[in-house]
1. Can you tell me which residues in the range 1-51 are at pLDDT below 90 and among the small types (G, A, S)?
2. Quick check on D6: is it charged (D, E, K, R), part of a helix (DSSP H, G or I) and closer than 19 Å to S99 by Cβ?
3. Restricting attention to the range 33-66, which residues are assigned to a loop (DSSP other than H, G, I, E, B), buried (at least 17 other Cβ atoms within 10 Å of the Cβ) and among the hydrophobic types (A, V, I, L, M, F, W, C)?
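The values are calculated or read from the model by the stated rules, or taken from the named source; none is laboratory data. What you see is a predicted model; the values in this text were computed from it and never measured. Virtual Cβ from ideal backbone geometry, glycine too; neighbours counted across all protein chains shown.
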Amino acid sequence: MVEIADYAANYIPDSKEAIDTSRYCFMDALGCGLLALRFPECTKLLGPVVPGALLTNGARVPGTDWQLDPVQAAFNIGAMIRWLDFNDTWLAAEWGHPSDNLGGILALADYLCRTGRKSLTIGDILHAMIKAHESIS
């Protein structure tokens, strides 16, 4: 556990290939998520737990007007991404798909930035994606 925590806290990915791959994964996942908003079967799963309950400076859900608590936003973003991405042809030894972690990463990053707790860049998002995927491999 200590090694995993040290890796997550201190490792800075510097592989150009890994960064480029995470950028492509990010764009693909976001595209899938936005397209999923066209499917009522997907959108009925989204939104706040209590209708109308929004959080000022909450994590935003791309393609919507919702600002939710980070946990609910992570679920929304993750559900949107995997709605279409679930059917792609990702085959690997590990159970996870590269985009599975993006809902949580994006929701938390947006929440931390909007509440003034951190100032994060897209590079930080890409690094978090790399670390999350590498740690499950």
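1. Correct list: A5, A8, A9.
2. no
3. Those that are assigned to a loop (DSSP other than H, G, I, E, B), buried (at least 17 other Cβ atoms within 10 Å of the Cβ) and among the hydrophobic types (A, V, I, L, M, F, W, C): L46, L55, V61, W66.
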